[in-house]
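Worksheet: one structure, shown below.
The values are calculated or read from the model by the stated rules, or taken from the named source; none is laboratory data. This is a predicted model, so every value here is computed, not measured. Positions of Cβ are backbone-derived with ideal geometry, glycine not excepted, and every protein chain shown enters the neighbour counts. SASA here: full protein model, heavy atoms, side chains in, ligands and nucleic acids out. Shrake-Rupley method; radii C 1.70, N 1.55, O 1.52, S 1.80 Å.
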There are 2 protein chains.
Amino acid sequence: MVKVERSGRVEPLDARVRRSRSAVLDTTAALMVERGFGGTTVDEISRRSGVAKTTIYRHWPTRADLLRDAGARLDTPLDTPDTGTVEGDLGALMKQLANALRSAQWPAVLPSVIDAAERDADIATLYSTLQRGFSAPFLEVLRRAAKRGELAKSSDPAVLVAVLTGALFYRRWFSREPITEAFVTKLVNLTLGR
Amino acid sequence: MVKVERSGRVEPLDARVRRSRSAVLDTTAALMVERGFGGTTVDEISRRSGVAKTTIYRHWPTRADLLRDAGARLDTPLDTPDTGTVEGDLGALMKQLANALRSAQWPAVLPSVIDAAERDADIATLYSTLQRGFSAPFLEVLRRAAKRGELAKSSDPAVLVAVLTGALFYRRWFSREPITEAFVTKLVNLTLGR
């Protein structure tokens, strides 16, 4: 992994730093999936990755910084579709989200992040940044729909996002019922008043 | 607390058992609010309540049994309203739930229960019992509404419960936006297609 630059200069230090950063992030992400946010301690990250705690804290001043960066590895960001109709766009977004809830790794971690946010203001701030990034594609799709006159005048985009994503989250984490294609279709129709 | 029965017989043992059970349940409930489900260990419950671990395990064979019983102390069960109309009933139910999400103690604990359910089949079973008890009033209100012909033929009660409660949960735990009266009214109207 030692990188030889074009000048022929060898940079073992840089490569070592990169490798240990990467080992720490991989270990942290794996621990988050296995034990949740609360169970992911810097002690255990250090033990498993073989990177000293002092080194870890040199790269990430707080545990929250490290968990945020590692969390980004578990993320499956939503694309913002542009199919030309609000049904098409919402259907495509909801399908992406439903797939992620079925198979991605972050749904196993998220409840522990939300639990930590109940108790820790730093984590709450970190979480609300994640949350905004994730509702943004929905708001964008609804903004375009409103511009095209596809939404009822009385409809409130913030309510529609809460309904669409809230109902999926409800099934994934609260009722643990299957998220079927029929369920998603019914949600989109209900939201659009069809 | 020593109970004197009509026969005049003193039963200090019974009273002591009752007192220590109660101390354990109070301590457990308080710890759950403070630290979440994961942070509520039998070691710490024993330390704080002054009740020996062997005694605790005599009353509750598993930690999940104890957490379930203690969790019942944090519960604010929903009444099933019967106002005569579906708007009235759903409005009353949603108001109760919104109030509980704002002020009850269980919303601070629930994400940690859901997190534990991701990792532990016993907790998942425990949680799904809680969940069914909690969606039951919604299903009952919708069943009556369907009987009175107040719902569209195509409407699916399971979808409506997911929308109504999912959107409230979304605001409480995911987006952390305020749950206003206007928000609740818009949800009920959207659900009923008005």
- Query: Interface B/A, total buried accessible area with a 1.4 Å probe, nearest 100 Å²?
  - Reply: 3300 Å²
- Item | Inverse mean reciprocal Cα-Cα distance (Kirkwood Rh) of the protein assembly as shown, Å | 23.6 Å
- Item | chain A: angle of helix A:63-74 to the longest principal axis, Cα-based, in degrees nearest 10 | 60 degrees
- Query: Any idea how far the Cα center of the range A:23-43 sits from the one of the range B:57-72, in Å?
  - Reply: 29 Å
- Query: In sequence order, what are the phi-derived ³J(HN,Hα) couplings for the range A:138-144 according to the Karplus relation 6.51 cos²θ - 1.76 cosθ + 1.60 with θ = phi - 60°, rounded to whole Hz, with x for glycine and proline?
  - Reply: 5, 5, 5, 4, 6, 4, 5
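So what's the net charge close to B:ALA104: Lys and Arg +1, Asp and Glu -1, counting the other residues with Cβ under 12 Å from its Cβ?
In short, +2.
Give, as a single signed number, the net charge of other residues whose beta carbon lies under 10 Å from the beta carbon of A:GLU140, with Lys and Arg counted +1 and Asp and Glu -1.
Every neighbour counted, the sum reads 0.
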- Message: Using a 1.4 Å probe on the protein heavy atoms, what percent of the accessible area of the range A:135-194 belongs to carbon and sulfur?
- Response: 56 percent
- Per residue and in cubic angstrom, what volume does the convex hull of the Cα atoms of the range A:2-71 have? 89 Å³
- Treat each spin label as a single point 7 Å out from the Cα along the C-beta direction, and report the A:ARG194 to B:ASP26 distance in nm. 5.8 nm
- Message: Suppose a student asked you for the relative contact order of the range A:86-191, using Cα pairs under 8 Å spaced at least 6 residues apart; what percent would you report?
- Response: 36 percent
- Message: Averaged across A:169-181, how many Cβ atoms of other chains sit within 10 Å of each residue's Cβ atom?
- Response: 6
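Take the Cα pairs of chain B, get the Kirkwood Rh, then feed it into Stokes-Einstein at 37 °C and 0.692 mPa s and tell me D in µm²/s. Could you put the intermediate results ahead of the total?
Working: Rh = 19.1 Å.
This corresponds to a translational diffusion coefficient of 172 µm²/s.
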- With all protein chains present, how much of the accessible area of the range A:2-71 (probe radius 1.4 Å) comes from carbon and sulfur, to the nearest whole percent? 51 percent
- Task: Taking a label point 7 Å out from Cα toward Cβ, give me the nm distances from A:PRO77 to the same spot in the other copies, shortest first, one decimal.
- Result: 4.8
- Query: Using Cα atoms only, what is the angle between the long axis of helix A:106-119 and the major principal axis of chain A, expressed in degrees (0 to 90) to the nearest 10?
  - Reply: 80 degrees
- Message: Give the average, rounded to an integer, of partner chain Cβ atoms located within 10 angstrom of each Cβ in B:105-117.
- Response: 5
- Query: Number of Lys-Lys pairs in the protein assembly as shown under 24 Å by Cα, sequence gap 8 or more or different chains?
  - Reply: 13
- Excluding B:ASP79 itself, what net charge comes from residues whose Cβ is under 14 Å from its Cβ, given Lys and Arg +1 and Asp and Glu -1? -3
- Message: Compute the angle between helix B:157-169 and the longest alpha-carbon principal axis of chain B, please, reported from 0 to 90 degrees and rounded to the nearest 10.
- Response: 70 degrees
- Output the relative contact order of chain A, whole-number percent, from Cα pairs under 8 angstrom with separation of 6+ residues. 19 percent
- Item | Solvent exposure of the range A:86-191 as accessible area per residue, Å², 1.4 Å probe | 40 Å²
